[in-house]
Amino acid sequence: MNYINSFSEFKEQNLFGRYITNNHIEPILEKLSDKFKVSIIGKSVNDKPIHAVKIGNGKTKIFMWSQMHGNEATTTKALFDLFRFLNSDTIEAENIKMEFTLLCIPILNPDGAEAYTRVNANEVDLNRDSVDLSQPESKLLRETFESFKPDFCYNLHDQRTIFAAGETRNPATVSFLAPAYNEAREINDVRQKAINIIVAMNDELQKHIPNQIGRFDDSFNINCIGDMFQSLGVPTILFEAGHFQGDYEREETRKYIFIALLSSLTKFKENVIIAGKTARYLSIPQNKPIFYDFVYRKFKVNCNSLNIITTFAAHYKERLVVDKIVFEAYFTEVGEGIERFGHQEYDGESGLYSDDSHNIPIIDQKANFYLNKNIKFVNGLRKM
């Protein structure tokens with residue numbers, strides 16, 4: 001099937017950008033057809049409803065949850081794109097609904113989503129709470145897991161722009177992990193099933209974003225929900241939505257998460273049954289934190305009456321302002337030792353750096369400055 005065309009046709013147009021909350025998804029949930037069973041399965045610390053969406057009548061049960069971290073909404077958008085596809089009467093959609101029963105929690109952490117924070121209202125990282133189960137959201141996830149008895153789990157997240165697919169200049173636009181189930185990080189039949197599905201998704205994504213798929217670190221931590229569910233005998237896959245060139249709203253990335261989700265379902269049978277794909281999984285380059293948002297090379301700085309040619313870097317901080325995420329660039333590193341790449345790089349060609357304060361780039365200072373007094377950079381970007 002043509003996954004790109006499917007995304008274009010079924011993209012949920014009412015969701016956009018990085019800030020997605022219950023207020024955004026509830027009107028869409030209310031309008032879902034009777035092919036879907038929508039329910040409130042629990043409440044958050046701040047008494048916000050936690051919704052679940054169930055579709056399909058198939059034997060194989062897949063449990064998906066998104067926004068366990070409130071500020072990671074790209075996969076939530078992709079879930080609603082998938083819902084629109086599954087609402088259609090295409091042959092592929094009908095086959096999925098006959099083959100699978102999908103249970104999805106679009107926003108597990110509605111308080112964190114509203115505040116645009118990783119943690120919940122009690123400042124607990126729900127993805128480090130799988131043993132203690134100290135939070136209502138963590139308990140709800142575990143209870144739903146135990147009552148639904150899934151055959152597979154999809155743990156849906158976003159990752160930072162710092163990650164590359166290996167030691168390359170290619171951003172890790174999508175990353176996957178079949179979490180370890182023990183300290184030795186062995187591969188048993190359960191983990192192998194997750195690996196095989198990841199390989200199938202990677203095969204498809206390589207057609208669209210070649211060399212921009214990464215493999216997340218598999219260090220074992222039983223406090224993490226993926227490691228816990230894998231250890232309980234349910235194949236679990238971690239999805240990480242990352243950076244695509246210039247796409248800070250992650251509208252391109254959502255497309256590739258949609259393709260990953262849909263291809264995992266359309267290619268499911270052949271890839272769960274066939275073993276021996278571990279080598280292909282391990283050939284997916286591991287995520288490497290080697291990016292800044294901006295790197296500025298060969299700028300002249302006047303320091304103590306000495307002219308020094310130096311390099312400096314900036315990174316965006318994300319700030320919630322009136323229901324919108326604003327990206328503010330701040331200097332994060334200064335010095336010739338900068339080895340990271342920049343998603344955007346500028347060559348100062350030994351021109352003079354200046355700004356409206358110290359005339360020296362200082363860590364945690366906003367990235368507003370001049371090159372040769374006449375070329376202006378505002379919020380990290382050169383003004384044309």
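The values are calculated or read from the model by the stated rules, or taken from the named source; none is laboratory data. Remember, it's a predicted structure, so these values are computed and weren't measured experimentally. All Cβ positions, even for glycine, are placed from backbone atoms using ideal geometry, and neighbour counts span all protein chains on display.
Per-residue answers, yes or no, for (1) assigned by TED's automatic domain parsing to the domain that holds D111; (2) among the aromatic types (F, W, Y); (3) not in a strand (DSSP E or B):
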position: L15; (1), (2), (3): yes, no, yes
position: Y19; (1), (2), (3): yes, yes, yes
position: I25; (1), (2), (3): yes, no, yes
position: V45; (1), (2), (3): yes, no, yes
position: I50; (1), (2), (3): yes, no, no
position: M64; (1), (2), (3): yes, no, no
position: N71; (1), (2), (3): yes, no, yes
position: T75; (1), (2), (3): yes, no, yes
position: A78; (1), (2), (3): yes, no, yes
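Being in the same structural domain as S44 (by TED's automatic domain parsing), surrounded by 24 or more Cβ atoms within 10 Å (Cβ to Cβ) and either free of Cβ contacts under 8 Å to residues at least 60 places away in the same chain or among the polar types (S, T, N, Q) (or both) is the requirement here; does N109 meet it? So that I can check it myself, show each step before the final result.
On the way: in the same structural domain as S44 (by TED's automatic domain parsing): yes; surrounded by 24 or more Cβ atoms within 10 Å (Cβ to Cβ): yes; either free of Cβ contacts under 8 Å to residues at least 60 places away in the same chain or among the polar types (S, T, N, Q) (or both): yes.
Yes; evaluated as a whole, the condition is true for this residue.
For region 200-224, which residues satisfy the criterion of being buried (at least 24 other Cβ atoms within 10 Å of the Cβ) and of a type in the set (V, I, T)?
Selection gives I213 alone.
Tell me, which residue of region 27-36 that is out of contact with any Leu (no Cβ under 9 Å at 6 or more places or on another chain), assigned to a loop (DSSP other than H, G, I, E, B) and not polar (S, T, N, Q) is surrounded by the most Cβ atoms within 10 Å (Cβ to Cβ)? Please lay out each step first, then the result.
Restricting attention to region 27-36, the residues satisfying the condition of being out of contact with any Leu (no Cβ under 9 Å at 6 or more places or on another chain) are 27, 29-34.
When the remaining residues are screened for being assigned to a loop (DSSP other than H, G, I, E, B), the result is 32-34.
Then keep just the ones that are not polar (S, T, N, Q); that gives 32, 34.
Numbers: L32: 17, D34: 6.
Here the answer is L32.
Can you pull out the residues in region 232-266 that are among the hydroxyl-bearing types (S, T, Y) and buried (at least 20 other Cβ atoms within 10 Å of the Cβ)? Explain how you work it out, then say what you get.
Here is the first cut: in region 232-266, the ones among the hydroxyl-bearing types (S, T, Y) are 236, 248, 253, 256, 263-264, 266.
Within region 232-266, T236, T253, Y256, S263, S264 qualify.
State the number of residues belonging to region 145-175 that are closer than 20 Å to L108 by Cα, among the hydrophobic types (A, V, I, L, M, F, W, C) and crowded, with 19+ Cβ neighbours inside 10 Å.
Within region 145-175, residues that are closer than 20 Å to L108 by Cα, among the hydrophobic types (A, V, I, L, M, F, W, C) and crowded, with 19+ Cβ neighbours inside 10 Å number 4.
If you scan region 107-148, which residues turn out to be small (G, A, S) and under 17 Å from the mean Cα position of the chain (by Cα)?
Pass one, region 107-148, residues small (G, A, S): 112-113, 115, 121, 130, 134, 138, 147.
Those that are small (G, A, S) and under 17 Å from the mean Cα position of the chain (by Cα): G112, A113.
Using the structure shown, decide if N22 is more than 23 Å from V174 (Cβ to Cβ), more than 24 Å from the chain's Cα centre (by Cα) and in contact (Cβ under 8 Å) with a residue 40 or more places away in the chain.
Numbers: more than 23 Å from V174 (Cβ to Cβ): yes; more than 24 Å from the chain's Cα centre (by Cα): no; in contact (Cβ under 8 Å) with a residue 40 or more places away in the chain: yes.
Considered against the rule, which asks whether it is more than 23 Å from V174 (Cβ to Cβ), more than 24 Å from the chain's Cα centre (by Cα) and in contact (Cβ under 8 Å) with a residue 40 or more places away in the chain, N22 comes out as no.
For region 121-134, enumerate the residues that are in a loop (DSSP other than H, G, I, E, B) and either out of contact with any helix residue (DSSP H, G or I) (no Cβ under 6 Å at 6 or more places or on another chain) or of a type outside the set (D, E, K, R) (or both).
Taking region 121-134 as the starting set, the residues that turn out to be in a loop (DSSP other than H, G, I, E, B) are 121-125, 129-134.
Those that are in a loop (DSSP other than H, G, I, E, B) and either out of contact with any helix residue (DSSP H, G or I) (no Cβ under 6 Å at 6 or more places or on another chain) or of a type outside the set (D, E, K, R) (or both): A121, N122, E123, V124, D125, S130, V131, D132, L133, S134.
Go through region 89-106 residue by residue and tally those that are under 26 Å from the mean Cα position of the chain (by Cα) and assigned to a loop (DSSP other than H, G, I, E, B).
Final tally of qualifying residues: 1.
Of everything in region 1-13, what is in a loop (DSSP other than H, G, I, E, B) and touching a helix residue (DSSP H, G or I) at 6+ places or on another chain (Cβ under 8 Å)? Give them in sequence order.
Listed by number, the residues that qualify are M1, K11, E12.
Look at region 277-333 and say how many of its residues are on the phi > 0 side of the Ramachandran plot, without any contact (Cβ under 8 Å) to a residue 24 or more places away in the chain and either crowded, with 17+ Cβ neighbours inside 10 Å or part of a strand (DSSP E or B) (or both).
Of region 277-333, the ones on the phi > 0 side of the Ramachandran plot are 298, 304-305, 322-323.
Now restrict to residues that are without any contact (Cβ under 8 Å) to a residue 24 or more places away in the chain: 304-305, 322.
Cutting the leftovers down to either crowded, with 17+ Cβ neighbours inside 10 Å or part of a strand (DSSP E or B) (or both) gives us none.
Residues meeting the conditions: 0.
Listed here are the residues, each with its yes/no results for (1) closer than 23 Å to P150 by Cα; (2) at pLDDT below 95; (3) of a type in the set (A, V, I, L, M, F, W, C).
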{"site": "L29", "(1), (2), (3)": "yes, no, yes"}
{"site": "K37", "(1), (2), (3)": "yes, no, no"}
{"site": "G70", "(1), (2), (3)": "no, no, no"}
{"site": "L86", "(1), (2), (3)": "yes, no, yes"}
{"site": "I91", "(1), (2), (3)": "no, no, yes"}
{"site": "N95", "(1), (2), (3)": "yes, no, no"}
{"site": "L108", "(1), (2), (3)": "yes, no, yes"}
